[in-house]
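Colleague: Have a look at this one.
The values are calculated or read from the model by the stated rules, or taken from the named source; none is laboratory data. What you see is a predicted model; the values in this text were computed from it and never measured. Positions of Cβ are generated from backbone atoms using ideal geometry, with glycine treated the same way; all protein chains shown enter the neighbour counts.
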């Protein structure tokens, strides 16, 4: 544990750290060595008594599992890596990089960081330097205040508002139901003997009226390792490396001045450390990252502690989404089983007619292409009819309405969950105080005065922004056209393949031509999607850098919008075409316009007589399941193969194979997760959410497939982060960012999409119109014949028509559509039945949307964003904070603020050294005035104002 020296400030200006001298440090020959490290804050340790050791002597005493400096007391918070080879003549680029490293490391010391350098001679390859960085207490507290970082919460202490003596209500006697709940919870709970259960708002107020309970946050006295690394990274992002205004570690990483920057993993994941302790990384592997723990609850507190707020919030959202998928997965499965059980029931008249060889099944269908295709019988569509009924049955409408409501409930419940997490994890307001990106500050040359801070800051003019947005928008539009061209190419491929199969394929291919065409087209579309995705991700990063957003949040939001817009069309365009456009432009078999060009051949792409829903189902299943399998394969084997190849290369360069690699060397061999480590994970889940909601009426098993995938996805992501990748840099986040808005847009679009799928893609509306308008017996007998129109083969122009193997063609053939017959007054024109069906479809869409959106509005009103009990808690904290400031006369006047800060610092320093005889402000008021803690915690002493109903003034004091 760090020892801390008391440091009394002589003036309030020293409250946020020592004032650095403008005098430059002595000239340093070459790259700084350990002797340049800032003097440590441990009075008992004097490093200057020992002479510099030789590399060999250091190597003999170095513990490969150590996470500390060589003194064994200062913990390593960050590692910087670079290479230097003695090749005789130094190039100009290498000399420039060495000068930048020298200046950068000198400025790190000026900023208050402590450094220790591992000589390259004792590294694994004899040319790699490892610079260890430690964040001392004085620097840590100063920067924590600047960025508004709060100490981690140890526990929640509950105080009853009514019972002033802090007595809680007695629990009711244990009954059978309580025992069952405890067994159920124990089955899904991780081992609380190894990992302490996370303190939660609802657990702290369990068993009583939550609005009558007041929660106090008891905090630990030290920042977590992820928080320390985050503070170090914030410093590195703003340290200069030359005499100009160029700053930031990212620039140095881009030009290979440094090869890597990462915090250390805590020990090995597959074994305990040498002392037998189980470190956090090992705990996460045992209780979270192993596939055998798939049914266990996630230890979100430990995840957040180890990886930071942003990654913890992602796994919280993913776990919540997976949990919410249980209901639609079960309902969708039963809808599918209903279709499977009733497929041969007497009520399934349309399918029976199609499969009746002696009835409508003997109807001759018009050929799908000219010359090569043959005249077919309706019975050939029997398999498609049976497949269609599995998803297009009476339960489909109910399931579509259910999914629309479920999506709304999911969003509203997540917003409530997110508000609770924000309060529990102290995430409120983290993005309001976000600093500009270093890349933005250094690349923008125009400035303006901030109307709030009255300070000059970098600024991009509206004209410059508009020009950059025009360039990036044009590039995005071009890529979207590429996606549409790919979809058009897939359609033309489907039409050409039909002609090839019927023209020269074998008997087996001809028999299953429709299925082969649909499956192969879907697979080709999936391959094109994956290829375009890889290219566009790189293009999106380039375009976002060109826009140069001000903050990192704005950067991520801009990048998110570009990627999702592209991926939306990339993955959903073929589904949208099949669901809403395929066969809509077809007129009749003898139409001459269709034959004029390859582009107009798209008009001839028609659905099977059994409907387009079966093809939509095949396309959706292949893209969704194929994408999930491919992504899981890449996520699992890509880091594994990368680490294997990189480790193999490093082993070949290792000088001494008998020497154990140090912790920083082991982490250096692993894959870098990158700055946008979570982006691909979020994108994969959001696209999956679209598959689950937008076209779920065509594939009720989509939620079940998503649930099974997500159960594996949680453990796969956990395994990858804990075992296969370097420890990612911790980041702060208030919510899931732009993804929440995208989720809401998808949810609203899903209502409209499912309404149109039922009305236009399925045969639900045409069947209802026939049943109640045209059927004399008010059933579906004769529906198939009524849904087909006649065509006289003698109306084919020269070169048209099918191949009848030398036999004369049939006099008439039928095709899917509502058109007049050849003998009517307006041959092949739209029939009255078409307009009846058209009107019914529009009416259904309007009624469906209004009903669902009305229910959605009611549910949004009933389910508030912030739980009432949490709102009461936040209001109490705000009120008591104001009362405390009022009682102590803390007025925000310039002439008083210096004294306040001085008193805060003296109180904090004394309290850290255990002094009890300290007068002045309490430590709680120090945090209340700073940005470390705006909410009440267990160190807060709150004195309430006198109330008429109280006998005496009441003090809530928790120590």
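Colleague: Of all helices (runs of 4 or more DSSP H) completely enclosed by the range 693-804, which ones contain at least 2 residues that are closer than 24 Å to residue 622 by Cα? Please lay out each step first, then the result.
Modeller: Details: elements: 702-719, 738-756, 764-769, 783-786.
It comes to 702-719, 738-756.
Colleague: Here's a follow-up. What pairs come out if I take residues in the range 235-249 that are touching a residue at least 40 places away in the same chain (Cβ under 8 Å) and pair them with residues that are surrounded by 20 or more Cβ atoms within 10 Å (Cβ to Cβ) and in a loop (DSSP other than H, G, I, E, B) whose C-beta lies under 6 Å away, six or more apart or interchain?
Modeller: 237/248
Colleague: Right, next: Could you please find all residues in the range 360-391 being assigned to a loop (DSSP other than H, G, I, E, B) and either modelled with pLDDT of 85 or more or touching a strand residue (DSSP E or B) at 6+ places or on another chain (Cβ under 7 Å) (or both)? Outline the logic, then answer.
Modeller: Residues of the range 360-391 assigned to a loop (DSSP other than H, G, I, E, B): 363, 366-375.
Matches in the range 360-391: 363, 366, 375.
Colleague: Is it true that residue 630 is within 30 Å of residue 466 (Cα to Cα) and surrounded by fewer than 21 Cβ atoms within 10 Å (Cβ to Cβ)? It would help to see each step written out before you state the result.
Modeller: On the way: within 30 Å of residue 466 (Cα to Cα): no; surrounded by fewer than 21 Cβ atoms within 10 Å (Cβ to Cβ): yes.
Taking the combined requirement at face value, the residue does not satisfy it.
Colleague: Name every residue in the range 208-223 that is modelled with pLDDT of 80 or more and surrounded by 18 or more Cβ atoms within 10 Å (Cβ to Cβ), in order of residue number. I'd like the intermediate steps shown before the answer.
Modeller: At the first step, the residues of the range 208-223 found to be modelled with pLDDT of 80 or more are 222-223.
Within the range 208-223, 223 is the sole residue that qualifies.
Colleague: Shifting gears a bit: Restricting the search to the range 79-102, which residues are part of a helix (DSSP H, G or I) and surrounded by 17 or more Cβ atoms within 10 Å (Cβ to Cβ)?
Modeller: 97, 100, 101, 102
Matching residues to (1) surrounded by fewer than 19 Cβ atoms within 10 Å (Cβ to Cβ); (2) modelled with pLDDT under 85; (3) within 27 Å of the chain's Cα centre (by Cα):
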position: 202; (1), (2), (3): yes, yes, yes
position: 206; (1), (2), (3): yes, yes, no
position: 244; (1), (2), (3): yes, yes, no
position: 247; (1), (2), (3): no, yes, no
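Colleague: In addition: Among 880, 870, 788, which is the only one that is touching a strand residue (DSSP E or B) at 6+ places or on another chain (Cβ under 6 Å) and closer than 30 Å to residue 201 by Cα?
Modeller: On inspection, the qualifying residue turns out to be 880.
Colleague: Name the residues in the range 563-597 that are crowded, with 21+ Cβ neighbours inside 10 Å and in contact with a strand residue (DSSP E or B) (Cβ under 7 Å, 6 or more places away or on another chain), would you?
Modeller: 589
Colleague: Identify, please: which residue in the range 254-281 is surrounded by fewer than 16 Cβ atoms within 10 Å (Cβ to Cβ) and within 28 Å of the chain's Cα centre (by Cα) and is, among those, modelled with the lowest pLDDT?
Modeller: So the residue we want is 254.
Colleague: Scan the range 347-356 and give yes if some residue there is in a helix (DSSP H, G or I) and either surrounded by fewer than 15 Cβ atoms within 10 Å (Cβ to Cβ) or touching a strand residue (DSSP E or B) at 6+ places or on another chain (Cβ under 8 Å) (or both), otherwise no. Working first, answer last.
Modeller: So in the range 347-356, the residues in a helix (DSSP H, G or I) come out as 349-354.
After this cut, where a residue has to be either surrounded by fewer than 15 Cβ atoms within 10 Å (Cβ to Cβ) or touching a strand residue (DSSP E or B) at 6+ places or on another chain (Cβ under 8 Å) (or both) as well, the list is none.
The answer is no, given that none of the residues of the range 347-356 is in a helix (DSSP H, G or I) and either surrounded by fewer than 15 Cβ atoms within 10 Å (Cβ to Cβ) or touching a strand residue (DSSP E or B) at 6+ places or on another chain (Cβ under 8 Å) (or both).
Colleague: I'm checking my understanding of the structure. Among residues of the range 794-816 that are crowded, with 18+ Cβ neighbours inside 10 Å and modelled with pLDDT of 85 or more, which one is farthest from residue 363 (Cα to Cα)?
Modeller: That would be 816.
Colleague: May I pose another question? When only residues in the range 120-135 that are assigned to a loop (DSSP other than H, G, I, E, B) and in contact with a strand residue (DSSP E or B) (Cβ under 7 Å, 6 or more places away or on another chain) count, which is nearest to residue 226 (Cα to Cα)?
Modeller: Taking the range 120-135 first, the residues assigned to a loop (DSSP other than H, G, I, E, B) are 123-127, 135.
If we keep only those that are in contact with a strand residue (DSSP E or B) (Cβ under 7 Å, 6 or more places away or on another chain) as well, we get 123, 127.
Details: 123: 26, 127: 29 Å.
Among residues in the range 120-135 that are assigned to a loop (DSSP other than H, G, I, E, B) and in contact with a strand residue (DSSP E or B) (Cβ under 7 Å, 6 or more places away or on another chain), the one nearest to residue 226 (Cα to Cα) is 123.
Colleague: A further question follows. For the range 739-772, what are the residues that are free of Cβ contacts under 8 Å to residues at least 40 places away in the same chain and in contact with a strand residue (DSSP E or B) (Cβ under 7 Å, 6 or more places away or on another chain)?
Modeller: Of everything in the range 739-772, nothing turns out to be free of Cβ contacts under 8 Å to residues at least 40 places away in the same chain and in contact with a strand residue (DSSP E or B) (Cβ under 7 Å, 6 or more places away or on another chain).
Colleague: Does residue 284 count as touching a residue at least 60 places away in the same chain (Cβ under 8 Å), assigned to a helix (DSSP H, G or I) and outside the structural domain of residue 105 (by TED's automatic domain parsing)?
Modeller: Numbers: touching a residue at least 60 places away in the same chain (Cβ under 8 Å): yes; assigned to a helix (DSSP H, G or I): yes; outside the structural domain of residue 105 (by TED's automatic domain parsing): yes.
Spelling it out, residue 284 is indeed touching a residue at least 60 places away in the same chain (Cβ under 8 Å), assigned to a helix (DSSP H, G or I) and outside the structural domain of residue 105 (by TED's automatic domain parsing).
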